[in-house]
Ligand code: ADP
């Protein structure tokens, strides 16, 4: 099932949380910074040898001090107006994260709203993409959580989920 909650993703006791990382995988602001702070310095040590991640792909590390067992780092696109393949790249980020989760026997997974912070992807368009890919994988997981940080995002996802239903 797909579930929508408002929470700090670093607090979630799930098999894997998704990190909206940048291509360096060496940490950043927003959710990425929060995940690195909560996981502890071992997370950076684990990310360094991976050597980065192209936009739309995903990489996995342990969660270290997080309640989550794994962190799946994916890189969403920076929004440049929509003509630079941003929607397909965002879909790839969700799809590749879920594929990597499946390969690691993950049954519960939580996503932040990838690319909708500093990367500037329009929120509703991004949420439609996210839910569309999650629907395709719903049967493969016990739970796919949309972890909204703001009340506005929570409302948006709840509205879109009932539309899809
Ligand atoms: P991006 O660079 O991919 O846009 P950001 O981290 O700037 O990534 O924002 C992505 C989303 O993550 C935004 O909706 C932001 O509100 C949200 N976010 C920030 N911190 C957290 C957190 N601790 N838990 C869940 N979501 C968060």
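The values are calculated or read from the model by the stated rules, or taken from the named source; none is laboratory data. Keep in mind that what you see is a predicted model, and the values were worked out from it rather than measured. When we count neighbours, we look across all protein chains shown, and the Cβ atoms used for this are built from the backbone with ideal geometry, even at glycine.
A count restricted to region 126-147 and to residues that are touching a residue at least 60 places away in the same chain (Cβ under 8 Å), surrounded by fewer than 16 Cβ atoms within 10 Å (Cβ to Cβ) and part of a helix (DSSP H, G or I) stands at 2. In summary, residue 80 fulfils each of the numbered conditions (1) within 14 Å of the ligand (Cβ to nearest atom); (2) outside any loop (DSSP other than H, G, I, E, B); (3) over 16 Å from the mean Cα position of the chain (by Cα) with the single exception of condition (2). Pairs meeting the criteria (first residue in region 32-51 and within 9 Å of residue 19 (Cβ to Cβ), second residue more than 16 Å from the ligand (Cβ to nearest atom) and part of a helix (DSSP H, G or I), beta carbons under 8 Å, at least 6 apart or on different chains) are 36/44. Residues of region 111-125 that are outside any loop (DSSP other than H, G, I, E, B) and surrounded by fewer than 23 Cβ atoms within 10 Å (Cβ to Cβ): 123, 124, 125. Checking 144, 133 one by one, the residue that is at pLDDT 95 or above and within 23 Å of residue 34 (Cα to Cα) is 144 and no other. For residue 67, the conditions (1) closer than 21 Å to residue 33 by Cβ; (2) more than 11 Å from the ligand (Cβ to nearest atom); (3) not in a loop (DSSP other than H, G, I, E, B) are fulfilled apart from (3). Residues that are within 13 Å of the ligand (Cβ to nearest atom) and touching a residue at least 60 places away in the same chain (Cβ under 8 Å) were ranked within region 94-112; the one that is farthest from residue 147 (Cα to Cα) is 97. For region 25-39, what are the residues that are exposed (fewer than 14 other Cβ atoms within 10 Å of the Cβ) and more than 7 Å from the ligand (Cβ to nearest atom)? Matches in region 25-39: 33, 37.
When you scan region 11-30, do you find a residue that is touching a strand residue (DSSP E or B) at 6+ places or on another chain (Cβ under 7 Å), more than 25 Å from residue 86 (Cα to Cα) and assigned to a helix (DSSP H, G or I), even just one? Among the residues of region 11-30, not one is touching a strand residue (DSSP E or B) at 6+ places or on another chain (Cβ under 7 Å), more than 25 Å from residue 86 (Cα to Cα) and assigned to a helix (DSSP H, G or I), which makes the answer no.
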